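*Asks:* Please read through the structure below; I'll follow up with questions.
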Amino acid sequence: MTQQGIFVTGGTGFVGRRLLPLLAGLDRPMAVLVRGGSAGLPHDRATTLVTGDLLAPETYRDALRTCGVVIHLAAATGRASAQALRQVNVDGTRALLGACRDANVSRVLFVSSIAATFPSEARYPYAEAKRAAERLVSDAGIPFTIVRPTIILGPDAPILSSLSGLARLPIVVLPGDGRVRVQPIHVDDVAARLLRIVRDDEFGGETIELGGPETTTMEELVQEIRCASGRPAGRVIHVPLGLLAVPLRAAEAIGLGSVLPITAAQLSSFRYEGVATRPGRRSSETPLTGLASMVGGAPAPAGNAFTPSPALPGECRVFTRYLLGRNPDAYVQAKYTQALAAVPALAPRSRFDEVLIRFAGRGPFAARLADSYASLFQPGSALRKRLVLLLAILETHPPFSTQIDRAPGSASRAAAGIVAHGMLGALSLVAGLLLFLPVRIVRGGIPRKTS
Amino acid sequence: MIPQVTVIGSGASGVHFALTALRKGRTVRMLDVGRAGRAPVLPDATLDQLKDRLDDPASYFLGSRFESVLLPDVTDEYYGIPPSKDYVFDPPEGFGHASTGFSPLFSFARGGLGEAWTGGCYPLSAAEVEDFPFDHSAWGASYAEVARRIGITGEADDLARFMPLHDHLLPPLKLDLHSERLMASYRAQRDRLNRAGAYVGRTRVATLSRPLGDREACDYTGRCLWGCPRGALYTPSATLRECLTFPAFEYVPGVEVSHLRADSAGRIVAAVATTVAGPAHEFPVERVALAAGALLSTRIFLASIQRESGSPVRLTGLMDNRQVLVPFLNLGMLGRPFRAETYQYHLLGMGLEGKTPRDYVHGQITTLKTALVHPLIQRLPLNLSASTRIFRSIHGALGLVNVNFRDTRRPDSFVELTSDARPRLRIHYTPDEGEPARMREAIARVKRALFRLNCVVPPGMAHVRPMGASVHYAGTVPMTPAGGSLTTTPDCQSRDFENLFLVDGATFPFLPAKNITFSLMANAVRVAEAAF
């Protein structure tokens, strides 16, 4: 295709500010729609600042005529009122698309949100507005790509201020059970992906869900943010979403919305999974920024990523003894080693991930404690993944397979077994919690062997 | 020489259309991508013997790269497709799609999606065929013919009120202990359940209880999930084998048809295909039967029609069955050992009367025995050692009801092509507004019925599958009594190209809450009977 000009809305926003310098590298004419101030925007001959209003197409129609590609980032988010959310995100998008058609724009890149995948709910107007805007884009008759990032983190991320509000309290009050999963992505990774779509002309009408390399729970994320600000991990109190929504809505109704750490509508982020189902990454791409670097607020480190240590030689034996109370045979050992090499997901992704694995490798009892903790608080940890993979190998191979499936024989024995193992499991969980919460607080430290 | 009929696709619809045409003396060429599976390993071994006798059982059950292991935090829908059936979903190079609200599965296998089905064969009821614009008595003969060809086991029981009986039903398969107990509980609670509109009975299954042709009867090795080694469970490749015995049949694998080329009179003259070997190739045609599966047929149809009209076309009305998985625990089976050497797919079904007969809700009941257990054990909220020991006590008591809901054609669910150099399917699905309420009500009824059967459903465990997961796609080019472009005649002849027949689910005007494969095959037979 010809090197067409690029028109950007929302260029002064959180993503826009990181994207513009990258776009400048494409060496194509660029027009950026701004409302007034233009601080921090690139000043070069190829970039034109267009002062205008998204809702008033006449203010930018002329600029559009010189551009073949439109990157639509402008959006009302977070704490904006339902009316503003609708006006900017839906009416604004409609106005822009109308102007695009008039100006024969040939490509539209729309940055939506993972919230568009939340179940339809009138109480979350942001998600509704994003969904409506997506429909407008896909029905506009212009080749397009829609990108739905998950939570975007990085320096000055708007969501950090909301979540930090929760994280800084002496006791962390978390809406919902905190187990809803999120997959934060670094702003620079979002910008890099957007750049590639424009550069490689990927406008096939696709909707790309974009998430970071780690999936964690909302509670973990809040604790990470807390730890990053130098506080120890805090006690968490879970408040049912329904209980929170009512007073929040009442406070907003009487004009107290601005002093609250969160709006009633934003509670939806604590209710629905914010993970990307189709990451849209190719394996050849550079690795994405890890979670720990995102919440710290520092720029993404280059070449400084966490590198896991090699697996301990006795790990398979310890884990098999822990799971089934017997030693593995040579076949199980060989398959486990093969899996560690073949399945990238088994590598630890963070320092704490590695702490869990190394501790568990010390013996079956240690494995029980570490796994108990992980079962509840780090279900996606590399330790848990290795244990599940080992269990999968064991269930295909006698005598381990028959042992896994050996029924107790009667309902009374089954009931007794369920109660006994349930209680033991709960005890291990308490012990695991006592042990690992402090370790979690001193994040990054690996307990050293004292012997 | 140009064959009289060119069939595109070797799935359930295509092979039965082809076989009927061959029996009527036509020459038939079948164009197919035709990914093929491997021959079954150790065909005489039971499942447990397989684990013992295979050199590398983990590779067989989990895949050579452990791709069938379900690790925690994987968010994609879990299908539990074993490595031996991977080829069924293996796409040609460069194949892609863009979907919103829909997670489609595509097959380019020899035999199509039916190579990985679970064999449910449910004839449509009188109410469910109302929208089909042809003489409804035609269904009976077509169902009987397909049943004769593929072998369907079943029984005249309480579920017959929802699925009419037809000729050539084979005696049912043996029940496993768990299913027997469920039936005993049902008999004890029958009146109360029936008053609540809930019925339980035998499912109809395309699995042989006696030999048929080159296929052997089920001998209860417990290997159904991993690929029946005896051919007892019908798959369309069996009918393809039968077609291959006709000298007038030519099977051309390794080609992916991209579109059909028409002359100025709107008559299709060639099927244009890319071959695995290289550049595009044209196959001259006389009559074409498009049977690549509703979505892939739609793709070929769209590409063909856009080439003629020069403008983008959107096909509305895409349907699929919403499915909800409801796991349950049969208290009477707690701690009991179970035999893996039983039939593994659904032996029982649960039918729920709807407000109208079209709103019928269909459940297939599977008692869980030989599926991988690590995906379940990791879901228990304890450490894996304790979870494994607890699971041992409940494994024999576990079951699953796969609840299916009907769907209707709506303008906001559609399929079109992207504008890339190599256009891809873009699928957009929007459920109807009444769906959440309908699901809630039905799931509550399923739970109540299970409770009467001495079963409990662990809270929060019912799982709503994404649209597309049931793989019953239909409705994009409907058959209508009269109409214009983008529809077909009641005999599935395109109104855009007079020598084109759409013989798969694309033409279905309504999607009842049942596996439609049996009806697809019956319709293909009916269309071929009418065409020749």
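No value in this document is a laboratory result; all are computed from the given coordinates. Because the structure is a prediction, the values reported are computed rather than measured. Counting neighbours? That spans all protein chains shown, and the Cβs are built from the backbone with ideal geometry, glycine included.
*Asks:* Straight-line reach from residue A:130: which aspartates and glutamates have Cα under 18 Å away, leaving out those fewer than 8 places along the same chain?
*Replies:* Of all the aspartates and glutamates, those that pass the test against residue A:130 - Cα under 18 Å, at least 8 places apart if same chain - are A:91, A:121, A:139, A:206, A:209, A:273, B:412.
*Asks:* I would also like to ask the following. Which ³J(HN,Hα) values, rounded to whole Hz and listed in residue order, are derived for segment A:367-373 from phi using the Karplus coefficients 6.51, -1.76 and 1.60 in 6.51 cos²θ - 1.76 cosθ + 1.60 with θ = phi - 60°, glycine and proline given as x?
*Replies:* In residue order, the calculated couplings are 4, 4, 5, 5, 5, 4, 4 Hz.
*Asks:* Still on this structure, I have one more. Estimate the FRET efficiency between residue B:282 and residue B:441 by the formula 1/(1 + (r/R0)^6), using the beta-carbon distance for r and 56 Å for R0, to the nearest 0.05.
*Replies:* 0.60
*Asks:* What percent of all Cα-Cα pairs in the protein assembly as shown falls into each 10 Å bin, going from 0 up to the bin containing the maximum distance?
*Replies:* Once binned at 10 Å, the Cα pair distances of the protein assembly as shown give 2, 10, 18, 22, 22, 16, 8, 2, 0.
*Asks:* Can I ask one more? Could you point to the residue in B:347, B:227, B:152 farthest towards the positive end of chain B's charge dipole, with +1 and -1 charges on the Cβ of Lys/Arg and Asp/Glu respectively?
*Replies:* So the residue we want is B:347.
*Asks:* Which percentage, to the nearest 5, of the DSSP beta bridges contained in chain B is antiparallel?
*Replies:* Roughly 70 percent of the DSSP beta bridges within chain B come out antiparallel.
*Asks:* Along the Cα-to-Cβ line of residue B:41, 7 Å from the Cα, sits a label point; which residues in segment B:56-81 have backbone N less than 17 Å from it?
*Replies:* Under 17 Å, as judged by backbone N against the label point of residue B:41, lie B:56-69, B:81 of segment B:56-81.
*Asks:* Report the calculated FRET efficiency for residue B:275 and residue B:52 (r = Cβ-Cβ distance, R0 = 45 Å), to the nearest 0.05.
*Replies:* In this case the efficiency is close to 0.55.
*Asks:* If amide hydrogens are placed 1.01 Å from N in the peptide plane, which non-local residues have theirs closer than 5 Å to the one on residue A:5?
*Replies:* So residue A:5 has HN proximity to A:68, A:69.
*Asks:* Which one of B:87, B:499, B:361 has its Cα pushed farthest toward the positive end of the charge dipole of the protein assembly as shown, where Lys and Arg give +1 and Asp and Glu give -1 at the Cβ?
*Replies:* Value: B:361.
*Asks:* If the cut-off is a Cα-Cα distance under 17 Å, which aspartates and glutamates reach residue A:385, setting aside same-chain residues fewer than 8 apart in sequence?
*Replies:* In chain and number order, the partners are A:214, A:315, A:353, A:354, A:371, A:395, B:67, B:73, B:76.
*Asks:* Right, another one. By DSSP, what percent of the beta bridges with both residues in the protein assembly as shown are antiparallel, rounded to the nearest 5?
*Replies:* The antiparallel fraction comes to roughly 50 percent.
*Asks:* Okay, next question. Rounded to whole Hz and in sequence order, give me ³J(HN,Hα) for segment B:110-122 from the Karplus expression 6.51 cos²θ - 1.76 cosθ + 1.60, θ = phi - 60°, writing x for Gly and Pro.
*Replies:* 5, x, x, 4, x, 5, 10, 7, 10, x, x, 10, 10
*Asks:* May I ask you to sort A:434, B:173, B:502 by Cβ crowding, counting other Cβ atoms within 10 Å and putting the fewest first?
*Replies:* Taking fewest neighbouring Cβ atoms as first place, the list is A:434, B:173, B:502.
*Asks:* If you don't mind, another one. Considering amide H positions built from the backbone, and no H for Pro or chain starts, which residues 5 or more places from residue B:513, or on another chain, come under 5 Å of its amide H?
*Replies:* B:406
*Asks:* Using the crude model of +1 on Lys and Arg Cβ and -1 on Asp and Glu Cβ, and no other charge, please compute the dipole size for segment B:434-509 relative to its Cα centre, in debye to 20.
*Replies:* Charge dipole, segment B:434-509, about its Cα centre: 800 debye, nearest 20.
*Asks:* On to the next question. Put +1 on the Cβ of every Lys and Arg and -1 on every Asp and Glu Cβ in segment B:1-86; which of B:8, B:63, B:39 then has its Cα farthest towards the positive end of the dipole?
*Replies:* Of B:8, B:63, B:39, it is B:8.
*Asks:* Could I ask something else about it? Taking the radius of gyration and the Kirkwood hydrodynamic radius from Cα positions alone, what is the Rg/Rh ratio for segment A:341-430, to two decimal places?
*Replies:* Over the Cα atoms of segment A:341-430, Rg/Rh equals 1.03.
*Asks:* Rank the residues B:304, A:164 as a footprinting-exposure proxy: fewest other Cβ atoms within 10 Å of their Cβ go first.
*Replies:* Fewest to most other Cβ atoms nearby, the residues stand as A:164, B:304.
*Asks:* Contour minus end-to-end for residue B:379 and residue B:432, with contour as 0.36 nm per residue of separation and end-to-end as the Cα-Cα distance?
*Replies:* 15.9 nm
*Asks:* Also, I was wondering about something else. Going by C-beta contacts inside 10 Å, put B:174, B:355 in order with the fewest on the left.
*Replies:* Listing B:174, B:355 from fewest to most nearby Cβ atoms yields B:355, B:174.
*Asks:* I'd like the distance separating the alpha-carbon centroids of segment A:324-397 and segment B:200-239, in whole Å.
*Replies:* For segment A:324-397 versus segment B:200-239, the Cα centre distance is 38 Å.
*Asks:* Right, next: From the phi angles alone, apply the Karplus equation (6.51, -1.76, 1.60; θ = phi - 60°) to segment B:305-313 and give each ³J(HN,Hα) in whole Hz, x where the residue is Gly or Pro.
*Replies:* Values, residue by residue: 6, 5, 5, 6, 8, x, 10, x, 10 Hz.
*Asks:* About the Cα centre of segment B:292-363, how large is the charge dipole given +1 on each Lys and Arg Cβ and -1 on each Asp and Glu Cβ? Please answer in debye to the nearest 20.
*Replies:* The dipole of segment B:292-363 has a size of about 100 debye.
*Asks:* Moving on. Which cross-chain or sequence-distant (5 or more) residues have an amide H under 5 Å from the amide H of residue B:7, H modelled 1.01 Å from N in plane?
*Replies:* B:29, B:30, B:31, B:289
*Asks:* Right, something else. Excluding residue B:134 itself, calculate the net charge of residues whose Cβ lies under 12 Å from the Cβ of residue B:134, where each Lys or Arg counts +1 and each Asp or Glu counts -1.
*Replies:* Every neighbour counted, the sum reads -4.
*Asks:* Further, regarding this structure: To the nearest 20 debye, what charge dipole does chain B have about its Cα centre, counting +1 at the Cβ of each Lys and Arg and -1 at the Cβ of each Asp and Glu?
*Replies:* 1340 debye
*Asks:* Nearest 10 degrees, 0 to 90: what angle lies between the long axis of helix B:137-150 and the longest principal axis of chain B (Cα atoms)?
*Replies:* Helix B:137-150 sits at roughly 70 degrees to that axis.
*Asks:* Could you tell me how many degrees, from 0 to 90 and to the nearest 10, lie between the Cα long axis of helix B:435-452 and the main elongation axis, the longest principal axis, of the Cα atoms of chain B?
*Replies:* For helix B:435-452, the angle is close to 40 degrees.
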